[in-house]
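Heads up: the structure comes next, in structure tokens.
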Amino acid sequence: FKKMDVSASYFFNWSDNSLEKFTDRQFVNTSEFQELYSEEAINQSTNINHRFNGRFEYKIDSLNTLTFRPRASWQSNKGESDLFGKNLRDETTISETTNNYLADLKAVNASGTLIWQHKFAKDRRTLSSEITAGYAPKRGESFLYSQNNYFDGAPSSDTLDQFTQLESYNWNGEIDFDYTEPIGKNGMLMATYEVNWKRDDSDREAFDFLESSQSYSIPNNQLTNVFTNDYVTHQAGGGYNYRKDQWTLMLRANYQRAELVNEQTSPENLTIKRSFDDILPMAMIRYEKSRNDNFRIFYRSSTRLPSIEQMQNVLNNTNPLQLSVGNPNLVQAVQHNVFGRYSKTNTEKSTVLFLLIGGGLTDDYIGNSTFLPQSDHPIFDQYEVTPGAQISTPANLDGYRNARAMLNYGFPVRPL
């Protein structure tokens with residue numbers, strides 16, 4: 001079509017992996033005890049991935065353009081794990097497990113974005129609107145057979161034979177508007193507004209094996225959970241761009257209002273509502289002496305929402321010695337990152353120089369809290385943790401910092 005440009009791509013990947021792993025993990029705290037977790041595991045997995053991306057651009061006239069970008073993916077993952085693990089305290093075994101875990105998971109992710117772009121008669125004055133919608137269901141099942149021995153206190157042992165089925169659904173939608181207005185010959189103002197909605201539903205049911213009927217027919221309420229998460233954000237802001245000769249300056253600031261609602265209906269009813277207000281700035285300075293010699297300094301702030309797996313208040317006993325459980329009280333993390341980059345290429349000498357340095361800090365960083373077997377924390381009673389096992393849960397932490405630097409220099413070697 002004369003007014004339409006079309007492009008599409010399809011990607012297929014199949015992999016079969018086998019991994020033998022040995023793990024020794026030491027836990028250090030202020031107590032007089034030292035704990036060590038040791039594990040030998042053999043993991044096998046088969047992954048199949050299909051991905052499709054398309055782009056359809058329709059030029060209505062010289063001032064208006066419509067663009068549609070569909071995306072879809074399908075993934076299948078089958079895995080099996082055999083492991084032997086043990087917890088030791090001062091070189092004495094306090095618990096051990098031998099288990100086999102089978103999992104079969106299938107996931108689909110489909111989304112589409114429609115963009116309308118309008119150019120006014122005045123140069124660099126534009127208005128654009130973007131609408132995005134997506135749907136991502138995921139289904140799977142798993143089998144766990146585990147034989148466990150506990151020696152911390154009165155010796156005990158148990159056998160787990162469980163079946164778990166999972167269904168989760170994700171819906172998301174986004175609408176945003178962008179307007180640009182030229183200021184002088186080298187400057188330009190920008191105004192933006194965006195509303196984003198995301199909903200996650202997760203239904204996880206677990207059953208224990210009943211010997212008399214030779215079937216998985218005993219509901220395990222401790223491992224069963226029905227959870228819904230709604231997250232709505234409104235973001236409005238503006239910015240300024242300036243470009244002259246070799247210099248480019250970009251400034252942005254957005255106000256974001258976010259509302260998070262968590263609802264749990266099984267094994268007990270629980271509703272948590274929160275709202276967040278943030279100012280998210282961004283800035284960039286770029287100097288381009290030439291196409292082969294330039295540097296850039298960039299700063300950006302953003303928010304990160306905890307995943308539904310991190311918030312879902314359900315026990316994960318895939319490894320009975322190292323239990324984990326979600327935390328519905330998590331809040332979003334706010335990240336600040338800054339970095340500088342310099343690159344220079346000398347085509348006559350065939351040399352390349354690249355330097356990167358940067359870092360960041362995060363408020364309410366989403367990490368993990370691990371409670372060792374000798375702890376008297378109430379979480380052990382809440383989830384009926386067997387003596388000799390440990391449990392971890394996601395938690396918001398302060399004081400997270402990171403920094404990194406990279407230097408890359410390339411040059412020809414004449415003998416080669």
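Figures for the structure shown
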read-out	value
For Q34, residues with placed amide H under 5 Å, excluding near neighbours	D90
Volume per residue that the Cα convex hull of the range 1-115 spans, once the total is divided by residue count, Å³	153
Geometric extent, Cα atoms of the range 236-313 - Rg, Dmax (angstrom)	20.4, 64
Eligible aspartates and glutamates near K3 by straight Cα distance, threshold 17 Å, same-chain separation 8 or greater	E57, D61
Computed over the range 142-248: relative contact order in percent, which uses C-alpha pairs under 8 Å that are six or more apart	25
Fraction of accessible area attributable to carbon and sulfur, the chain (%, probe 1.4 Å)	53
Partners for K273 among aspartates and glutamates (Cα-Cα distance below 14 Å; same-chain residues under 8 apart left out)	D230, E259, E263
Hull volume in cubic angstrom per residue (convex hull over the Cα atoms of the range 86-171)	184
Estimated D of the range 284-343 in µm² per second, where Rh is the Kirkwood radius over Cα pairs and Stokes-Einstein applies at 20 °C, 1.002 mPa s	140
Heavy atoms of D5 accessible to a 1.4 Å probe, total area in Å² rounded to 10	80
Accessible area expressed per residue, the chain, with surrounding protein chains retained (probe 1.4 Å, Å²)	59
For the chain, radius of gyration divided by Kirkwood radius, i.e. Rg to Rh on alpha-carbons	1.04
Translational D in µm²/s for the range 109-251 (Stokes-Einstein at 10 °C, 1.306 mPa s, Kirkwood Rh from C-alpha pairs)	77
Cross-link partners of K86 among lysines (Cα-Cα below 25 Å; sequence separation of 8 or more within a chain)	K21
Of K185/K344; K122/K344; K122/K289; K2/K344; K106/K198; K2/K122, pairs whose Cα-Cα distance is over 32 Å	K122/K344; K2/K344
222 nm mean residue ellipticity, helices alone, for the chain (DSSP H n ≥ 4; -39,500 (n - 2.57); rounded to 500)	-500 deg cm²/dmol
Relative contact order of the range 93-160, pairs being alpha-carbon contacts under 8 Å that are 6 or more residues apart, as %	42
Q214/K106 FRET efficiency (R0 22 Å; Cβ-Cβ; nearest 0.05)	0.25
Relative packing of 143-152, 244-253, 165-174, which averages over residues the other C-beta atoms within 10 Å, highest first	143-152, 165-174, 244-253
Sparse-neighbour loop sites [GluC sites (Glu not before Pro); the range 177-218; at most 15 other C-beta within 10 Å; DSSP]	E211
P(r) weight above 19 Å for the range 268-416, C-alpha pairs, percent	69
Most to least accessible of D230, D203, D277 (protein chains only, probe 1.4 Å)	D277, D203, D230
Relative contact order computed over the chain (Cα-Cα under 8 Å; 6+ residues apart), in percent	9
Low-density loop positions, chymotrypsin sites (Phe, Trp or Tyr not before Pro), the range 347-380 - DSSP coil, at most 10 other Cβ in 10 Å	none
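The values are calculated or read from the model by the stated rules, or taken from the named source; none is laboratory data. Remember, it's a predicted structure, so these values are computed and weren't measured experimentally. Counting neighbours? That spans all protein chains shown, and the Cβs are built from the backbone with ideal geometry, glycine included. Note: accessible area is taken over every heavy atom of the protein model, side chains too, but ligands, DNA and RNA are not part of it. Shrake-Rupley method; radii C 1.70, N 1.55, O 1.52, S 1.80 Å.
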